[in-house]
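The values are calculated or read from the model by the stated rules, or taken from the named source; none is laboratory data. On a predicted model such as this, the values are computed, not experimentally measured, just so you know. Glycine gets a Cβ as well: all are built from the backbone with ideal geometry, and neighbour counts include every protein chain shown.
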Amino acid sequence: MISGEGNDGMKKPIIVAMLFLFATVLSGCQTLKDWFNDRFGPPSAMIDCKKTFEEGRRAECDGDVLNAIKKYEYLANYGSCYGQYGLANLLLKHYIDYDEYAAELLIDSIVNRANNALYFNSDPAMDSAFSVAAMAELAEIAASEDIKVQDNKVEISIADLLHNKMSKVAIGDVVEWANEKKMNTANAKIYKDIIAAVEFGLREYKFVKDIGWEKIKKAFVKGHVIDVMYAGGGTRLLPKEFPYSVVRFVKVPGAVCQYDFEVQLSGSSTFDAIEKVKSAMRRQLVKDFQSAHPTFSIDDVGISFSSWDHSGSTIKGTVVAKVLKMSVERLEYNDETGSGKIAIRLGDSDVMAAKKMAIDNIEVLVSRKNIVNVVGKRPPKGARYMDGTERMPEADLLEVEFTCK
């Protein structure tokens, strides 16, 4: 049995240690974080923070959106910039009418990224990379909505300002972090948008007058009140009035812009929720399509729901993006064999119209007029041609082979 005198003897070293720690921190010689790490080694909490974000991203890639939300919310509840960015990015992808809410999360992830100190251990380069990615998302919102602010009678483009800020942060260790992630295929997939934002931030931007984050926040957030309790309070980050939840949103294997989805409706206004679901999916697919086909504008892209099954509060289906206007996708010619091939994307047109466009473009090619996207040399002046095999490797793509002589 330990006597009372023995207990007092045990307390003294603890009191001395606490006093020493207090004095050390006050002196500025060493932070609590440094002391903790030196004394006990780096804790696993920050590693778990990265791990949880990566688990969320893998869930997103697998189409398990609800699980991804759960992971991001867990991190965001503790003030983690990874969770705030992850949730905001997910909202901008899969939901509509929550740009303001997502913007607030993004701004918090930039301004309050020091909150990761709750975990004692931090990765400054990764934190900064996430800040660059958050600024890239904000800049995209600002550009799409043409958000500007007045500062002493000078109009400032928020998108230009954010791009300028990105270029100042995306340097040194941040670039090394992005390059390191690119080297690993799994990491490159998980951190794809963050890596892309860092690479975008490396571009040179003209000087734009800087303004405080409060002014930037006011430009995005106009009186929107969000009931959020950080540091483990357990408050759900998604607004209570949210009309639907995306349960599953997964890319169809082999397709460019086609997804299978499942949505759970909540609330009384079913019609309003359905319209929001459709609008959110249209926005996401148009964005995906333009990434895959940068030459097409928004007006060139058509979105259709090839299947739609609405039963009770659950909607399951498939959504696909396609080109509305007919266009030449490829035009090739081999001077050695005298053969060529042209591919026409049908869009909303029929096969006969596509065949006519193919013939017109072949005639332009053989008459040696200026034409883009030609592989190999052009046929000699005055050449004739005959068309050959026609096939449709995709539902809306016509390929026509031809030979010049």
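Residues of segment 319-341 being of a type in the set (S, T, N, Q) and assigned to a loop (DSSP other than H, G, I, E, B), which ones? Within segment 319-341, Thr337 is the sole residue that qualifies. In this structure, does Val169 turn out to be closer than 27 Å to Arg57 by Cβ, touching a helix residue (DSSP H, G or I) at 6+ places or on another chain (Cβ under 6 Å), surrounded by 15 or more Cβ atoms within 10 Å (Cβ to Cβ) and not aromatic (Phe, Trp, Tyr)? Against the criterion (closer than 27 Å to Arg57 by Cβ, touching a helix residue (DSSP H, G or I) at 6+ places or on another chain (Cβ under 6 Å), surrounded by 15 or more Cβ atoms within 10 Å (Cβ to Cβ) and not aromatic (Phe, Trp, Tyr)), Val169 qualifies. Criterion applied to Lys192, Lys209 was being more than 20 Å from the chain's Cα centre (by Cα) and not aliphatic (A, V, I, L, M), and the one residue passing it is Lys209. One residue alone among Val221, Val247 is within 21 Å of Asp97 (Cβ to Cβ), modelled with pLDDT of 60 or more and touching a Leu at 6+ places or on another chain (Cβ under 6 Å), and that residue is Val247. Search segment 261-277 for residues being crowded, with 17+ Cβ neighbours inside 10 Å and charged (D, E, K, R), and hand back the single one that is nearest to Ala59 (Cα to Cα). Step by step, filter segment 261-277, then rank; the result is Glu262. Kindly check whether there is at least one residue in segment 319-337 that is out of contact with any strand residue (DSSP E or B) (no Cβ under 9 Å at 6 or more places or on another chain) and among the hydroxyl-bearing types (Ser, Thr, Tyr). No: segment 319-337 contains no residue that is out of contact with any strand residue (DSSP E or B) (no Cβ under 9 Å at 6 or more places or on another chain) and among the hydroxyl-bearing types (Ser, Thr, Tyr).
When segment 318-337 is filtered for residues that are surrounded by 15 or more Cβ atoms within 10 Å (Cβ to Cβ) and either at positive phi or among the acidic types (Asp, Glu) (or both), the ones remaining, listed by number, are Glu329, Glu332.
Kindly indicate whether Gly267 is within 21 Å of Gly79 (Cα to Cα) and either β-branched (Val, Ile, Thr) or at pLDDT below 80 (or both). Here the answer is no, as Gly267 does not meet what is asked. Residues of segment 273-312 that are farther than 20 Å from Tyr98 by Cβ and more than 21 Å from the chain's Cα centre (by Cα): Asp299, Asp300, Gly302, Ser304, Phe305, Ser306, Ser307, Trp308, Asp309, His310, Ser311, Gly312. Taking the numbered list (1) more than 28 Å from Leu161 (Cβ to Cβ); (2) of a type outside the set (Lys, Arg); (3) over 14 Å from the mean Cα position of the chain (by Cα); (4) part of a helix (DSSP H, G or I) in turn, Tyr78 passes all entries but (4). Within segment 289-304, identify whether any single residue is touching a Ser or Thr at 6+ places or on another chain (Cβ under 9 Å), within 27 Å of Leu105 (Cα to Cα) and without any contact (Cβ under 8 Å) to a residue 12 or more places away in the chain, and answer yes or no. Yes, some residue in segment 289-304 is touching a Ser or Thr at 6+ places or on another chain (Cβ under 9 Å), within 27 Å of Leu105 (Cα to Cα) and without any contact (Cβ under 8 Å) to a residue 12 or more places away in the chain.
What do you reckon, is Met357 in contact with a strand residue (DSSP E or B) (Cβ under 7 Å, 6 or more places away or on another chain), assigned to a helix (DSSP H, G or I) and on the phi < 0 side of the Ramachandran plot? The answer is yes for Met357.
Right, Val256: surrounded by 14 or more Cβ atoms within 10 Å (Cβ to Cβ) and at pLDDT below 85 or not? Yes; evaluated as a whole, the condition is true for this residue.
Go through the residues of segment 128-139 one by one and say whether even a single one is modelled with pLDDT under 80, in a helix (DSSP H, G or I), of a type outside the set (S, T, N, Q) and under 26 Å from Gly56 (Cβ atoms). No: zero hits. Sub-6 Å Cβ pairs linking a first residue in segment 328-344 that is under 18 Å from Arg391 (Cα atoms) and touching a residue at least 40 places away in the same chain (Cβ under 8 Å) to a second residue that is in a strand (DSSP E or B) and among the acidic types (Asp, Glu), at least 6 apart or interchain, are Gly340/Glu332; Lys341/Glu332; Lys341/Glu401; Ala343/Glu329; Ala343/Glu399, ordered by first then second residue.
Out of segment 277-318, which residues are acidic (Asp, Glu) and either assigned to a helix (DSSP H, G or I) or not assigned by TED's automatic domain parsing to the domain that holds Leu265 (or both)? Of everything in segment 277-318, those that are acidic (Asp, Glu) and either assigned to a helix (DSSP H, G or I) or not assigned by TED's automatic domain parsing to the domain that holds Leu265 (or both) turn out to be Asp288, Asp299, Asp300. The listed residues are Asp97, Asp48, and the only one of them that is surrounded by fewer than 23 Cβ atoms within 10 Å (Cβ to Cβ), modelled with pLDDT under 95, of a type in the set (D, E, K, R) and part of a helix (DSSP H, G or I) turns out to be Asp48. Within segment 176-189, residues that are within 16 Å of Phe200 (Cα to Cα) reach partners that are at pLDDT 95 or above and of a type in the set (Phe, Trp, Tyr) with beta carbons closer than 7 Å, at six or more positions or on different chains, in the pairs Lys181/Tyr191.
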